[in-house]
Amino acid sequence: VQLQASGGGLVQAGGSLRLSCAAPGNRISAYAMGWYRQAPGKQRELVAAITIGGSTNYADSVKGRFTISRDDAKNTVYLQMSSLKPEDTAVYYCNARTFWGVQIDYWGQGTLVTVSS
């Protein structure tokens, strides 16, 4: 599965951005999808995830500010980010996950989000 993340950029604290993750030629309806991020010097962490059935899960640090959604008809997953903080600055990665006896993960190339104070 090829994943193409976009929508990152530079935004002031308190602003908003919407990230998109497209999977052209693939049916994401068969995958649980997620967004992860990695800040400089830190480990990659889960930001938000959405199951095939549409259930969502968020990191405590983004609850109430970020919303993950999926449009299976467009093979695209979104991350709407609001009330951004400087600590949200990171490279954001899209993930698609499935299970064939073992967990299989696919990753996009990452998109940089920079929040200035």
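The values are calculated or read from the model by the stated rules, or taken from the named source; none is laboratory data. Note that this is a predicted model, so its numbers are computed, not measured. Positions of Cβ are generated from backbone atoms using ideal geometry, with glycine treated the same way; all protein chains shown enter the neighbour counts. Side chains included, ligands, DNA and RNA excluded: accessible areas come from the protein's heavy atoms. Shrake-Rupley method; radii C 1.70, N 1.55, O 1.52, S 1.80 Å.
For segment 80-117, what are the residues that are closer than 15 Å to VAL11 by Cα and within 11 Å of the chain's Cα centre (by Cα)? I'd like the intermediate steps shown before the answer.
If we filter segment 80-117 for residues that are closer than 15 Å to VAL11 by Cα, which is where we start, we get 80-92, 111-117.
Passing the criteria: GLN80, MET81, VAL91, TYR92, THR111.
May I ask you to list pairs of residues, at least six apart or on different chains, whose Cβ atoms are under 8 Å apart, with the first in segment 59-79 being touching a residue at least 60 places away in the same chain (Cβ under 8 Å) and under 18 Å from SER16 (Cα atoms) and the second being surrounded by fewer than 15 Cβ atoms within 10 Å (Cβ to Cβ) and basic (Lys, Arg)?
TYR78/ARG18; LEU79/ARG18
Going by what's in this entry, would GLN109 be described as assigned to a loop (DSSP other than H, G, I, E, B) and either in contact with a strand residue (DSSP E or B) (Cβ under 7 Å, 6 or more places away or on another chain) or under 16 Å from LEU3 (Cα atoms) (or both)?
On the way: assigned to a loop (DSSP other than H, G, I, E, B): yes; either in contact with a strand residue (DSSP E or B) (Cβ under 7 Å, 6 or more places away or on another chain) or under 16 Å from LEU3 (Cα atoms) (or both): yes.
Answer is yes for this residue.
Would segment 90-97 turn up any residue that is at pLDDT below 95, touching a strand residue (DSSP E or B) at 6+ places or on another chain (Cβ under 7 Å), of a type in the set (A, V, I, L, M) and open to solvent by 20 Å² or more (accessible area, probe 1.4 Å)?
Applying the first criterion (at pLDDT below 95) to segment 90-97 yields none.
Taking every residue of segment 90-97 in turn, none turns out to be at pLDDT below 95, touching a strand residue (DSSP E or B) at 6+ places or on another chain (Cβ under 7 Å), of a type in the set (A, V, I, L, M) and open to solvent by 20 Å² or more (accessible area, probe 1.4 Å).
Using the structure shown, decide if ALA39 is at pLDDT 95 or above, over 13 Å from THR111 (Cβ atoms) and surrounded by 15 or more Cβ atoms within 10 Å (Cβ to Cβ). Show your work before the answer.
Values: at pLDDT 95 or above: yes; over 13 Å from THR111 (Cβ atoms): yes; surrounded by 15 or more Cβ atoms within 10 Å (Cβ to Cβ): no.
So ALA39 does not fit the description; no.
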